[in-house]
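Colleague: Quick one: the structure is below, questions incoming.
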Amino acid sequence: MVSVRFGSASGETGAAAVLLDGRLASSEVILAAQADGHSVTTVESLNTDSSLHPIQAAFAATGAMQSGYSTPAMVLGTLALLEANPDPDDETIRDMLSGILDRETAYVKPVAAVRQAASVLRGAEAEPFRPLITDAMTDGRNPVDVDPADPAPEAPSAVPRLVPSRDVPPTSVVGQPEVKVDALRLVKGNPAFTADFETRGLLHAKVLRSPHAHARITAIDDSAARALPGVHAVLHHGNVERIKYASGGQSYPNPKPYDQVSFDDKVRHVGDRVAAVAADTPEIAEEACRLIQVGYEVLPAVFDELEAGGEGAPVVHDEADTVDIADRENNLV
């Protein structure tokens, strides 16, 4: 079973939601002893045969799984909601979804999925999801005169809008809605993400993070951590090659500056990486992190963007090997 996915240790993302006695609850903050004697439902209970449950089918048909990570939780929330209220309004649907944090089109498509599932379960004809199609304001070649004082067009701002190009004939495939190729495994909670797959002999990693907002690491003693049985590697700036990279989030050539390294001898925020441990179990890795002795030279820190660019502010990136930083002295990357 992999549909109950880790979101956070404190349960605020809702990704690990299950139905506890028919009510949506975060499994991340429920002890096993608390669940003893209660009914626990996951989305796997809907996968009794090769066919999809109407709720799963609605989520697939509307494309309500841009990422899909939290889709099982949304499906379960919908199941509980529709059992209590077969015909909920949009406000009620959004209230149910509000406890499941996701980037699904501002929840427009999940809301449409719930409404479609509700129609099917009531025996009514399901209205297919259709995005709002807006007429093009220009032919794509000539500018259009727009008065900034004119009011914006009246349309639900959250609804995805399509602006068709002019002079393009209708097509049967291009520009037409299609079910995502991975929709079935996402709505059924099947393995789809890296954490869903377990490899035998897999090591577990934990990261030791900085307690300081700005400090230079003066010493690291990892001997006790390395000696702990079950520890396979301890990494930090003292034993990892210093290779600069950018954190722009795309493949090469990603946006500059190249201001990051895997582990640095300086930390620039609370929680910055100091060291990492690979061990047989998460518990051993955590214990090894606690055994690493780190010496810090605490540096002045700044917590306001205006102060960061002011005279005398501490320079966050004072290293010489950062490439193409915008304005080092004023802390503009």
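Colleague: Give segment 54-75 a look and list any residue that's farther than 15 Å from V181 by Cα, in contact with a helix residue (DSSP H, G or I) (Cβ under 8 Å, 6 or more places away or on another chain) and not in a helix (DSSP H, G or I), or say none.
Modeller: Residues satisfying the conditions do not exist here.
Colleague: Given (1) surrounded by 16 or more Cβ atoms within 10 Å (Cβ to Cβ); (2) of a type in the set (S, T, Y); (3) free of Cβ contacts under 8 Å to residues at least 12 places away in the same chain, identify the lone condition not met by T92.
Modeller: So T92 meets the others, but not (1).
Colleague: Taking only pairs six or more apart or across chains, which ones have beta-carbon atoms under 6 Å, a first residue in segment 249-268 that is in the same structural domain as G295 (by TED's automatic domain parsing), and a second residue that is modelled with pLDDT of 95 or more and assigned to a strand (DSSP E or B)?
Modeller: Within 6 Å, the pairs are F263/H236; F263/R273; D265/I217; K266/R216; V267/A215.
Colleague: Looking at segment 44-64, can you tell me whether even one residue there is touching a Phe, Trp or Tyr at 6+ places or on another chain (Cβ under 6 Å) and either among the aliphatic types (A, V, I, L, M) or assigned by TED's automatic domain parsing to the domain that holds T194 (or both)?
Modeller: yes
Colleague: Oh, and also: Is at least one residue of segment 71-79 crowded, with 21+ Cβ neighbours inside 10 Å and more than 23 Å from M1 (Cα to Cα)?
Modeller: For segment 71-79, residues crowded, with 21+ Cβ neighbours inside 10 Å and more than 23 Å from M1 (Cα to Cα): absent.
Colleague: Further question on the same structure: On the given criteria, is G63 surrounded by fewer than 22 Cβ atoms within 10 Å (Cβ to Cβ) and touching a residue at least 12 places away in the same chain (Cβ under 8 Å)? Spell out how you get there, then give the answer.
Modeller: Working: surrounded by fewer than 22 Cβ atoms within 10 Å (Cβ to Cβ): yes; touching a residue at least 12 places away in the same chain (Cβ under 8 Å): yes.
Here the answer is yes, as G63 does meet what is asked.
Colleague: Within segment 259-293, can you find the residues that are small (G, A, S), part of a loop (DSSP other than H, G, I, E, B) and in contact with a helix residue (DSSP H, G or I) (Cβ under 7 Å, 6 or more places away or on another chain)?
Modeller: Result: no residue meets the conditions.
Colleague: Taking the condition of a type in the set (F, W, Y), out of contact with any strand residue (DSSP E or B) (no Cβ under 9 Å at 6 or more places or on another chain) and either in a loop (DSSP other than H, G, I, E, B) or in contact (Cβ under 8 Å) with a residue 60 or more places away in the chain (or both), does Y296 pass?
Modeller: Values: of a type in the set (F, W, Y): yes; out of contact with any strand residue (DSSP E or B) (no Cβ under 9 Å at 6 or more places or on another chain): no; either in a loop (DSSP other than H, G, I, E, B) or in contact (Cβ under 8 Å) with a residue 60 or more places away in the chain (or both): yes.
Spelling it out, it is not the case that Y296 is of a type in the set (F, W, Y), out of contact with any strand residue (DSSP E or B) (no Cβ under 9 Å at 6 or more places or on another chain) and either in a loop (DSSP other than H, G, I, E, B) or in contact (Cβ under 8 Å) with a residue 60 or more places away in the chain (or both).
Each row is one residue, and each column tells you yes or no for (1) among the charged types (D, E, K, R); (2) closer than 30 Å to V43 by Cα.
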{"site": "Q176", "(1), (2)": "no, yes"}
{"site": "V187", "(1), (2)": "no, yes"}
{"site": "E198", "(1), (2)": "yes, yes"}
{"site": "G238", "(1), (2)": "no, no"}
{"site": "V277", "(1), (2)": "no, no"}
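Colleague: I would also like to ask the following. Within segment 311-332, can you find the residues that are surrounded by 12 or more Cβ atoms within 10 Å (Cβ to Cβ) and among the small types (G, A, S)?
Modeller: A313
Colleague: While we're looking at this one, here's another question. So Y245 passes all but one of these: (1) of a type in the set (F, W, Y); (2) closer than 30 Å to R200 by Cα; (3) surrounded by fewer than 15 Cβ atoms within 10 Å (Cβ to Cβ). Which condition number does it fail?
Modeller: Unmet for Y245, out of (1) of a type in the set (F, W, Y); (2) closer than 30 Å to R200 by Cα; (3) surrounded by fewer than 15 Cβ atoms within 10 Å (Cβ to Cβ): (2).
Colleague: Considering only segment 294-306, I want to know if a residue exists there that is within 30 Å of N331 (Cβ to Cβ), under 28 Å from the mean Cα position of the chain (by Cα) and modelled with pLDDT of 95 or more.
Modeller: no
Colleague: Give the residue that is farthest from L24 (Cα to Cα), with candidates limited to residues of segment 91-107 that are aliphatic (A, V, I, L, M) and assigned to a helix (DSSP H, G or I).
Modeller: Looking at the filtered set, the residue picked out is A106.
Colleague: Here's a follow-up. Find the residue count for segment 33-45, including only residues that are in a helix (DSSP H, G or I), among the aliphatic types (A, V, I, L, M) and surrounded by fewer than 21 Cβ atoms within 10 Å (Cβ to Cβ).
Modeller: Counting residues in segment 33-45 that are in a helix (DSSP H, G or I), among the aliphatic types (A, V, I, L, M) and surrounded by fewer than 21 Cβ atoms within 10 Å (Cβ to Cβ) gives 2.
Colleague: With the checklist (1) exposed (fewer than 15 other Cβ atoms within 10 Å of the Cβ); (2) under 24 Å from A16 (Cα atoms); (3) not hydroxyl-bearing (S, T, Y) in hand, flag the one item P211 doesn't pass.
Modeller: Condition not satisfied by P211: (2).
Colleague: Can you confirm whether D102 is charged (D, E, K, R) and surrounded by 19 or more Cβ atoms within 10 Å (Cβ to Cβ)? Before the answer, list the steps.
Modeller: Details: charged (D, E, K, R): yes; surrounded by 19 or more Cβ atoms within 10 Å (Cβ to Cβ): yes.
In short, yes.
The values are calculated or read from the model by the stated rules, or taken from the named source; none is laboratory data. Computed from a predicted model, the values in this text were never measured in an experiment. With ideal geometry, Cβ positions are generated from the backbone for all residues, glycine too; neighbour counts draw on all protein chains shown.
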